[in-house]
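Structure, as structure tokens:
The values are calculated or read from the model by the stated rules, or taken from the named source; none is laboratory data. Keep in mind the model is a prediction, meaning the values are calculated, not measured. Here the Cβ is made from the backbone with ideal geometry for all residues, glycine too, and neighbour counts use every protein chain on show. Accessible surface is based on the protein model in full, side chains and every heavy atom, while ligands, DNA and RNA are left aside. Shrake-Rupley method; radii C 1.70, N 1.55, O 1.52, S 1.80 Å.
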Amino acid sequence: MLYAPLRLSPLAVALCLAASPSNAVELEPQVITANPLGSRQLATPSSVLEGDNLLHQQHGSLGETLNKQPGVASTWFGPGASRPVIRGLDGDRIRILRNGVGALDASSLSYDHAVPLDPVTVERIEIVRGPAALLYGGNAIGGVVNTFDNRIPDAPIEGIQGAGELRYGGADTTRSSAGKLEAGNGAFALHLDANSRQFNDLHIPGYARSAKVRDADEPGSKHRLENSDGRQDGGAVGAAYHWDQGYAGLSYSRYDSNYGSVAEPGVRLDMQQDHYAFASELRDLDGPFSSVKVDAGYTDYEHREIEGGEVHTTFRNKGYEARIEARHQPLGPLQGVIGAQVSRNAFSALGEEAFVPHTNSDSLALFMLEQWQATERLNLSLGARLEHTRVDPDAKGNENFADADSASSFNVFSLSSGAVYQLDPIWSLAANLGYTERAPTFYELYANGAHVATGAFEVGDASLNKEKAISTDLALRFDNGTHKGSVGVFYSHFRNYIGLIGTGNVREGGHDHGHDEDDHEHDHDHDHDHGGLPEYQYQGVRARFYGIEAQDRWQLVENRYGSFALELSADYTRAKNLDSGEPLPRIAPLRLNSGLVWERDRWQARVDVQHAASQRRTPANETGTDGYTTLGASVGYRFDIGQSQWLAFVRGENLTDQTVRYASSILRDVAPAPGRSVEVGLRTTF
């Protein structure tokens, strides 16, 4: 049995380390996304999920998988769709990457649009927060989530290796299976994987609708979230050729899903995505550059919104993104990378509920990152990015978009600096300061129509200027062998934060009724009828975000009864519209997480408690949420059969069956989070 010398799946890592605990060595994870130079001292606030940590947090959507990470919340639109929110920022301000390249979809356009990715196929997830994410564009102003799947093997493989997983249970009675196979002869490497997931309507503790919006005569569904069932299927084939100074490879992947919209009874979303990728790296070069890395991807995405068996709206997004990074030879004390990125996508929406026009978006960017080890204790970094974006709409004869008759172009510039100072062998101080610009998206510029999933009539503004922000964060990090963690604060000031702001009008069929919004006693987030909808317009306002993030792993004791550790984390974000004086919407409250972890021989177990405070800091047209405390537990056992390693596990969540409503979800009063659930699973690697 042979394993790849440089890369194992997290499943293989977890099982192999557990099989020989006395010989296990915990390696410091390297954050590739924000660290192309491989520095040991990284100023960027970041998190890595892989191995056992990824297994424990894994759910059916990317947003739920990352929901307990410091500073990360979930948009939660039921089990079919959930996107990450970082430090209160969501949508186009969060860049979701696949192996370093954007995978085009429609998830930033609407909360009911899923990210076409099943986390079971992912080997590693990196989260980069704050200004250091600028290397990936202005639309990474809130952060970057980068997933790695090894579909193009980036290290040689000798022999045959693979992994598989089966799961059953959970609040939505998930039935999932996944497997992968990799083979190679040291030069040529092949990767195959496939996955399938089916889930039923979600079990919830009480009524789906909260008491704030529930009709006493027609309270709606109880103990079950209607139209929340679905399926996800996918697979991929990839190959790479390796030589002493690099590799090159190609891959093709397919994603197919069908799930219900919990905001619109009877509406299904049928989604397909084909993704083609190329990756290559050349190392140990002579001349001005020591290495060059290229990543490129082409995506063909489509989803149809179906009601009563008829297709009402079809969304398509086709395009490509390519990125090249070249590491230059040292210039005195400077180590650095320069690069370029180009992308193009054609977005179209067809049907009676299309609220955005056909749009072609093109961008070209140049970027650089330099690091200087100023002293033995002080490491400095500086990054910059210059990007040109052109957004070209085409009304295609649709009168709703008659005003979308000319293209908009933007030149955006971003600059970031960072420093890490090692105070002593235990303590270090990390700081970042950045200025970021973001070009408005096509829907912020040209939207004009009823967006039923969010219960609003959305209106864009073609005269919008660039979004501009100055951001900073400061963190104190520590590692004395017993405690390892950090405590940090962040602050962002936006000069032109593009928000969806209520105008006070009510629209129906594109006509202005001129009613004051206060005449309507419903929250716009939860009015999903096709009648009158409150009008919301994309506007630039001044805004402020700030908060705190903290985490610690405390190694309590290690003796003949096993190893005990306590994992603690907390985050808190506040955000305010400085023009109106109101809080910004959908901001997660104070959250506290704790987990007691036990490991002994082949056994592992943990107990988790999560507490979220109530959220009352909301704008006038948004409801608040109550606080909650949930209890979770899991236990796993590792064993060997021949040359294969196995892990059997049981995971329980929300064991006290608490009603949980996420303040970060637009459906907080319509779609609560899952109730009590128990899931069993079996994983293997060989």
Kindly provide the set of residues from the stretch 283-312 that are touching a Phe, Trp or Tyr at 6+ places or on another chain (Cβ under 9 Å), among the acidic types (D, E) and either on the phi > 0 side of the Ramachandran plot or surrounded by fewer than 21 Cβ atoms within 10 Å (Cβ to Cβ) (or both), ordered by number. D300, E302
Selected residue [open to solvent by less than 20 Å² (accessible area, probe 1.4 Å), at pLDDT 95 or above and over 25 Å from P672 (Cβ atoms)] from I152, I127, I157, I86: I157
On the given criteria, is A550 among the small types (G, A, S), open to solvent by 20 Å² or more (accessible area, probe 1.4 Å) and within 25 Å of the chain's Cα centre (by Cα)? yes
Name the single residue that is surrounded by the most Cβ atoms within 10 Å (Cβ to Cβ) among those in the stretch 259-282 being of a type in the set (G, A, S) and over 22 Å from G235 (Cβ atoms). S261
Of the residues in the stretch 380-416, those that are modelled with pLDDT of 95 or more, among the polar types (S, T, N, Q) and open to solvent by 30 Å² or more (accessible area, probe 1.4 Å) come to S409, N411
Breaking point among (1) in contact (Cβ under 8 Å) with a residue 24 or more places away in the chain; (2) in contact with a strand residue (DSSP E or B) (Cβ under 7 Å, 6 or more places away or on another chain), for Y207: (1)
Of all residues in the stretch 357-368 being more than 24 Å from the chain's Cα centre (by Cα) and either more than 30 Å from S428 (Cβ to Cβ) or touching a residue at least 40 places away in the same chain (Cβ under 8 Å) (or both), the one that is most open to solvent (accessible area, probe 1.4 Å): L366
Residue list for the stretch 577-620, restricted to those being within 27 Å of R676 (Cβ to Cβ), touching a residue at least 40 places away in the same chain (Cβ under 8 Å) and open to solvent by 60 Å² or more (accessible area, probe 1.4 Å): E599, W603
Return the pairs, sorted by first residue and then second, in which the second residue is among the small types (G, A, S) and part of a loop (DSSP other than H, G, I, E, B), the first residue lies in the stretch 403-417 and is within 17 Å of Q341 (Cβ to Cβ), the beta carbons are less than 8 Å apart, and the residues are 6+ apart or on different chains. F410/A439; V412/A439
Would you check which residues across the stretch 418-432 are touching a Ser or Thr at 6+ places or on another chain (Cβ under 7 Å) and crowded, with 19+ Cβ neighbours inside 10 Å and list them? G418, V420, N432
Regarding I338, is this residue over 24 Å from the mean Cα position of the chain (by Cα) and either within 17 Å of G137 (Cβ to Cβ) or open to solvent by less than 20 Å² (accessible area, probe 1.4 Å) (or both)? yes
What is the one condition in (1) surrounded by 15 or more Cβ atoms within 10 Å (Cβ to Cβ); (2) at pLDDT 95 or above that P534 does not satisfy? (2)
Restricting the stretch 469-490 to residues that are under 22 Å from the mean Cα position of the chain (by Cα), crowded, with 19+ Cβ neighbours inside 10 Å and hydrophobic (A, V, I, L, M, F, W, C), the one farthest from S47 (Cα to Cα) turns out to be A469
Quick check, is V650 open to solvent by 40 Å² or more (accessible area, probe 1.4 Å), within 28 Å of A673 (Cα to Cα), β-branched (V, I, T) and more than 24 Å from the chain's Cα centre (by Cα)? yes
Cβ-Cβ under 7 Å, sequence separation 6+ or interchain: first residue in the stretch 621-634 and open to solvent by 20 Å² or more (accessible area, probe 1.4 Å), partner of a type in the set (F, W, Y) and part of a strand (DSSP E or B). Which pairs? S634/F649
Count of the stretch 55-71 residues which are touching an Asp or Glu at 6+ places or on another chain (Cβ under 8 Å) and not small (G, A, S): 1
